[in-house]
Amino acid sequence: PALRRYDSITDIIYYLFILAVLWRLCGPVITANLWFIAAILLSEAANILVCLVRFGKFPATHSLLSKGYCLCLLGGLVALLVFDAGSWIIISLAIIALLTNTEGIAMHLIADAAPVDVPCIFALRK
């Protein structure tokens with residue numbers, strides 16, 4: 001579990017660097033969608049905060065939804081850098097981020113211990 005938590009921390013640092021690169025290379029699109037990017041970052045922060053407050057540990061749920069979200073982030077990166085996609089990609093990523101982080105928060109609220117590598121919220125049923 002500790003290694004999985006470090007993996008999650010590394011992922012977040014990596015995604016923040018990617019955001020910085022996108023800001024540099026796709027500034028107008030990023031600036032035009034600051035509210036959606038703020039929603040992504042705040043939902044991620046809320047997910048982390050709930051787990052830290054509840055269990056004193058960094059989250060490492062690695063659900064199927066979060067793995068799909070990571071693939072969407074990769075697709076969004078390619079769409080922005082290669083195909084010069086517009087605001088629709090950031091709006092789509094914000095929706096997926098909110099769904100994914102809502103599931104993560106719900107997992108942390110109903111679990112008895114900090115969940116690690118749980119496929120979905122329904123796997124936590126007793």
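Note on Arg4 and Val21: the extension gain reaches 3.5 nm, defined as 0.36 nm multiplied by sequence separation minus the Cα-Cα distance. Within the accessible area of the chain, the carbon and sulfur atoms contribute 74%, probe 1.4 Å, all protein chains present. Normalised by 2.2 N^0.38 Å, with N the number of residues, the alpha-carbon radius of gyration of the chain equals 1.09. Between Arg125 and Lys57, the simple label model (points 7 Å from Cα in the Cβ direction) yields a spacing of 2.4 nm.
Quick one: work out Rg over Rh on the C-alpha atoms of region 46-106, Rh as Kirkwood radius. Dividing the radius of gyration by the Kirkwood radius yields 1.08.
Using a 1.4 Å probe, what is the accessible area per residue for the chain, in Å²?
Values: 7600 Å² over 126 residues.
Value returned for the chain: 60 Å² of accessible area per residue.
Taken as entire DSSP H runs, the helices of the chain that both span 20 Å or more between Cα atoms along their own long axis and average 1.0 or more on the Kyte-Doolittle scale are 34-55, 64-81, 87-110.
The slack between Ile91 and Ala113, meaning 0.36 nm per residue of separation minus the straight C-alpha distance, is 4.6 nm.
A crude spin-label estimate for the pair Lys67 and Phe83, with each label 7 Å from Cα along the Cβ direction, gives 2.4 nm.
The values are calculated or read from the model by the stated rules, or taken from the named source; none is laboratory data. Please read these numbers as outputs of a predicted model, since none were measured by experiment. Note that we place each Cβ from the backbone using ideal geometry, even for glycine, and neighbour counts take in every protein chain shown. Just the protein is used for accessible areas: all its heavy atoms, side chains included, with ligands, DNA and RNA removed. Shrake-Rupley method; radii C 1.70, N 1.55, O 1.52, S 1.80 Å.
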